[in-house]
Each structure stands twice: as structure tokens, then as C-alpha cells.
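Notes follow the structure.
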Amino acid sequence: MAKAIPDGFTTITPHLVCKDALKAIEFYKKAFSAEQINLMPGPGGQGVMHAMLKIGNSFLMLCDEFPGCDGFVSPASVGNKTTVTIHIYVEDVDKAHKQAVDAGATATMPPMDMFWGDRYGKVRDPEGHEWSIATHTRDMTEAEMAAEMEKMFAGGCG
């Protein structure tokens, strides 16, 4: 009998739609040390119907856009606008952020120490997807986080 949740999966797995999934796969390999698990070509062998990558201990699924199919549009086709950020915890955020930028990502926020206890930065990949990268540096109580947040936002939005 098939397992309801396949081996290796966690509860949430991002599934990205890309303008050029093959290029995106190569970017994710360079930027985030992704491992390609599988790739299913699209109809007639064109494009990518489905691909699975593994980054750290998590899976990432992706496919190419399929014009005419609702929901299969990439940020690149809508002016690089997205309302989703994919978050990655790593051992060294500064190194990982630089690796992503060196691979072709655009730095949208340099790594910095944040009020919740992470060193945190952001990049936008060539497909227009947002990624946040962090290293947890200190455990804090909710009261400590609230006090640090008040200090951080005292002069405006961060």
C-alpha cells in the first residue's frame, strides 16, 4: 500500500513554477547546493513537467510554465512579483548568501542580526522567487524579542 506521505517528505514542500526550469535547476545547484532527484520532461519532451530537488534535508519541486493552464505562471511572467518567500536555515548565512549571489541571485537584503535571534538576509533568484537565508544565532524569550523589535522599528520600518 502506498504511504500517504512519501519517505523523505515533510509536511510542507514548496513547488515553484519557472519560466525556464532547466536553467532554474542549474541555478539552485550552484546557489543552494541542490541535488536533482528526478526530472520528467513536458509533453513531447519539451520543457519540464515536474522536477524534484533536495536542498539540505528538504525537497523542492518545480516545473515550467504552461500557458493556458491556471496557476502555472512564474514570477518572471508577472513582472517578477511574488508574495511568497522560501526560507532556508544554514550553518553560515553570510557564506550561503554570497554563494547565491555568486550563482546569479540578486541580493535584496544583506545578512544582518535580527531581533528574533537569527542572522538573516534575502535574495531574489533569476526566476523572480524570493529566498530568505538564516542562521539561528541566539535563543530568546518572547519578551526579549518584543523589546528588540521595538528598538529596531523605533526609527521606522527596520
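The values are calculated or read from the model by the stated rules, or taken from the named source; none is laboratory data. Computed from a prediction, not measured in an experiment: that's the story for all the values here. Cβ placement follows ideal geometry from the backbone for every residue including glycine, while neighbour counts extend to all protein chains displayed.
Computed values, structure above
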read-out	value
Any hit, segment 12-24, residues being assigned to a loop (DSSP other than H, G, I, E, B) and at positive phi	no
Residue count for segment 108-149, restricted to those that are surrounded by 13 or more Cβ atoms within 10 Å (Cβ to Cβ), hydroxyl-bearing (Ser, Thr, Tyr) and farther than 12 Å from Tyr89 by Cα	1
In segment 59-81, residue modelled with the lowest pLDDT [restricted to those that are surrounded by 17 or more Cβ atoms within 10 Å (Cβ to Cβ) and not in a strand (DSSP E or B)]	Ala76
First in segment 95-107 and surrounded by 15 or more Cβ atoms within 10 Å (Cβ to Cβ), second anywhere and polar (S, T, N, Q), Cβ under 8 Å, 6 or more apart	Gln99/Ser33
Residue in segment 36-53 that is surrounded by the most Cβ atoms within 10 Å (Cβ to Cβ), counting only those that are in a strand (DSSP E or B) and over 20 Å from the mean Cα position of the chain (by Cα)	Pro41
Any hit, segment 42-49, residues being modelled with pLDDT of 95 or more, more than 20 Å from Asp102 (Cα to Cα), out of contact with any Gly (no Cβ under 9 Å at 6 or more places or on another chain) and not polar (S, T, N, Q)	no
Matching option when the condition is within 14 Å of the chain's Cα centre (by Cα) and within 27 Å of Met149 (Cβ to Cβ), among Gly121, Gly56	Gly121
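Quick grid of which residues meet (1) farther than 18 Å from Ser33 by Cα; (2) part of a helix (DSSP H, G or I):
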residue	(1), (2)
Met112	yes, no
Phe115	yes, no
Lys122	no, no
Thr135	no, no
Met140	yes, no
Ala143	yes, yes
Lys151	yes, yes
